[in-house]
Structure formats: structure tokens, C-alpha cells
């Protein structure tokens, strides 16, 4: 939920961003002193500031299987598994994107415009999303030779995944700010970008451990 406070010099601007400008009555033009600056600027769409989004993921997180074996004096355990290595799910929406960001205070606030030097601002809705995941498929082999107090292991992980990427921008209007008033002009623009990203990778590890009476020595190497 988004909430906006009135902006000094532009009290109706916060109502416009909240989609409440339709509740403002038209000013009485017969009152002496009425100017064009007193007219009410209303949005050209029915987009409000708030939004909600939900997603359902039903893929299993992980599964594994291991089998112990014995080959003479050598004891071995072999295993395989699959895991959702990373979830790439992402969604973000902003119905009140302003460019430039006149409501931002950092790094520096926007200087107040003048009637002779007004400020042009683009007002739009922005949506971006990503759907997908990276799966990991692993295997491992570990064993020991008790006669030599030696333990060893080898493991590998193969990564593979993809995502569907989406971006959308809808123009809501062009704002012009003067010293004490602003104007809103309609625009008709919609930009949609779609794409697919693929991900892959792998890692392999070789390790061993020699245990002595007083000292144990272990080595672990990740292969390039």
C-alpha cells in the first residue's frame, strides 16, 4: 500500500497519484480571481497506486538417494540427488513512476520550477517479472580404506535452468510543473519487452583424509 502526503505548492498532486482526483469538485469559474491554474488535473486511466501479486510454486525442493557398498577392504557410499538450487521468481510493480524522480530527496531534492522555466516530468506505470529456477543435479562417491586409515571422496554438481523475463511500461501522462501549479497531458504509449535467459554451471570437488595416531591430514580441491 502506498500513501502520499500533500506537496507544498501542489496540494492536488498527491490526490492525483492516489487516484482520488475524481473526488475533487470542479472549481467555480464565476468566482473573481479564477485562473487556469485553478483547474483540476485528473488522471486519464483507472490505475490506482496499490497493487498485489501472488505466485504458486509446487516443484519439490530436493530429492536424494544413497547406496552403501563394500568392495573387500574398501567401503564405499554412492549417492545422487537433485535440488532446486535457486529460485529466480521476481515481481515488482510501480504505478507512479516519475521521471525525473521529483519526490526523491536523495542525492539532492529537485529545485522548484518557475513559470518561465517549467519542469517536464514523465508519469508511467512500470512492471517487471521473472519466472524460473536453477536446478542442481549432483552425485557423490565416498569411501574409506581402514587398513591405511584413508578416506576419500569425489562429488559433482551440474547446474541448469532458465527464466522468462518480462518488462512493461505504460505511459500515464506528461506532467508540467510551474511555480504554483501543474498540468497533465495524456499520452498513448506502451512498451513491452520479453526474453528468455539460460543458466548453466558445474562444480567438482575431490577430497581425502589420512588419519594418524597424533595427526590427521585432509585435502580438498575444487576442480576448475
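Read-outs throughout are calculated quantities, based only on the coordinates presented, and are distinct from any laboratory measurement. Everything numeric in this text was worked out from a predicted model, so none of it was measured. Using ideal geometry, Cβ is built from the backbone for each residue, glycine included, and neighbour counts are taken over all protein chains shown.
Summary of computed values
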quantity: Additional length obtainable on full extension of the chain from residue 203 to residue 166, 0.36 nm per residue less Cα span; calculated: 10.3 nm
quantity: Under the Debye formula (equal points on every Cα, no solvent term), log10 I(q)/I(0) of region 1-53 at q = 0.13, 0.19 Å⁻¹; calculated: -0.39, -0.73
quantity: Highest-fluctuation residue, 113, 68, 49 considered, GNM on the chain with Cα pairs under 10 Å; calculated: 68
quantity: Two-site label geometry, residue 70 and residue 115: point separation in nm, points 7 Å out along Cα→Cβ; calculated: 9.8
quantity: For q = 0.12, 0.14, 0.16, 0.18 Å⁻¹, Debye-computed log10 I/I(0) when each Cα of the chain counts as one equal scatterer; calculated: -0.82, -0.97, -1.13, -1.28
quantity: Per-pair calculated FRET efficiency, R0 = 41 Å: residue 108 and residue 78 via Cβ, rounded to 0.05; calculated: 0.10
quantity: Among 54, 211, 39: highest mean-square fluctuation, GNM of the chain, C-alpha pairs under 10 Å; calculated: 54
quantity: Whole-number percent relative contact order across region 55-223, with pairs defined as alpha carbons under 8 Å at least 6 apart; calculated: 21
quantity: Protection proxy ranking of 91-98, 30-37 - average other beta-carbon atoms within 10 Å, highest first; calculated: 91-98, 30-37
quantity: Two-site FRET efficiency, residue 183 against residue 122, from Cβ-Cβ distance with R₀ of 22 Å, rounded to 0.05; calculated: 0.95
quantity: CD proxy at 222 nm, helix term only [per DSSP H run n ≥ 4: -39500 (n - 2.57); per residue of the chain; nearest 500]; calculated: -500 deg cm²/dmol
